[in-house]
Amino acid sequence: MYGVSVFHLLPLQNVLNLASRMIYRANRESITSVLTFVTDLLHWLPVLQRVEYKMCVLVYECLHQSAPIYLSELCIPVAATAKRSHLRSAVQGNLVILYCRTKRHGQRSFAYSGPALQNSLPLTVRDPSLSLTQFCEQLKSVTFSVRV
């Protein structure tokens, strides 16, 4: 779902809004209060941010060997590459972003988008000593602070 246009994500967002209206028992007119309710009280992310959140969690699992091997092989630290180990990105813990031929569909692949999203996170969130729950908490707080 990463990289899909907003047009295709809109039906999913509408379902999420409808579910929050059912929980909140709000009518159609109070849509602004429902969106506030979704983010502030229920702590639900909008669909686009939810997809990015799940991708970052999957990359975390790849780096900590709890994801399938075929995905873990796509998350290569820059420091593990012999010719790049002296770069600043290696010290920061960045991942190698693999080259993709097509701009439209290639950048939607996990090999490109997973490391790119991971590299865009703040260094405090990318700390390798964090447990999965700590990582998820910090990732969610960062994601909520960057509201769309």
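Quick notes on this one:
- For the criterion of being within 30 Å of Met22 (Cβ to Cβ) and among the hydrophobic types (A, V, I, L, M, F, W, C), Val78 fails.
- Those residues of the range 89-145 which are outside any helix (DSSP H, G or I) and either of a type in the set (S, T, N, Q) or not assigned by TED's automatic domain parsing to the domain that holds Glu73 (or both), in sequence order: Asn94, Thr102, Ser109, Thr124, Ser129, Ser131
- Meets criteria (surrounded by 15 or more Cβ atoms within 10 Å (Cβ to Cβ) and at pLDDT 85 or above) for Val78: no
- Flag if Tyr60 is within 21 Å of Thr143 (Cα to Cα), in a helix (DSSP H, G or I), among the hydroxyl-bearing types (Ser, Thr, Tyr) and modelled with pLDDT of 85 or more: yes
- Residue in the range 128-143 that is of a type in the set (Asp, Glu) and more than 18 Å from Arg50 (Cα to Cα) present: no
- Looking only at residues of the range 93-130 that are loosely packed, with under 10 Cβ neighbours inside 10 Å and of a type in the set (Ser, Thr, Tyr), we find that the one that is farthest from Ser5 (Cα to Cα) is Ser129.
The values are calculated or read from the model by the stated rules, or taken from the named source; none is laboratory data. If you're wondering where the values come from, they're calculated on a predicted model, not measured in any experiment. Heads up, the Cβs are rebuilt from the backbone with ideal geometry, glycines too, and the neighbour counts pull from every protein chain shown.
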